[in-house]
Amino acid sequence: MRIVYTTIFGGLLVLAVTFSQENSAMVTLKYFSFFEQTAPLYLVLIITFLVGALLAGIIGIVNRFRMSMTIKKMDKTIKDLKKQIADNEPPPIITASVEETPQKDSNP
């Protein structure tokens, strides 16, 4: 399995290097009159990708936390309902069976 991960990582590394070589043109980033910066296109795209991946990770963590809290609430509800069912359950009916023992005649 380690070879598969190494191969995939190597392929992505080659892809990143060739991408940066092919997209090295300088672009100007502007936001109205507040911001103006010149950077290579590959750097802008890689930073945009990393920011998106970071935001997706944060959203995933928040969703996982919410689901965990929901699961805890549901587990507590299930526990309470099971207890309520056990409390409301009628006691078991016990039938006593009386064995008849043969009586000996005491009259001689």
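The values are calculated or read from the model by the stated rules, or taken from the named source; none is laboratory data. Worth saying up front: this structure is predicted, and the values here are computed from it rather than measured. Cβ placement follows ideal geometry from the backbone for every residue including glycine, while neighbour counts extend to all protein chains displayed.
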How many residues of the range 29-81 are touching a Leu at 6+ places or on another chain (Cβ under 8 Å), under 24 Å from V17 (Cα atoms) and not β-branched (V, I, T)? The answer is 2
T48: passes all of (1) surrounded by 10 or more Cβ atoms within 10 Å (Cβ to Cβ); (2) touching a helix residue (DSSP H, G or I) at 6+ places or on another chain (Cβ under 9 Å); (3) modelled with pLDDT of 90 or more but (2)
Of the candidates F65, F49, F32, the one satisfying the condition of being hydrophobic (A, V, I, L, M, F, W, C) and either at positive phi or touching a Cys at 6+ places or on another chain (Cβ under 7 Å) (or both) is F32
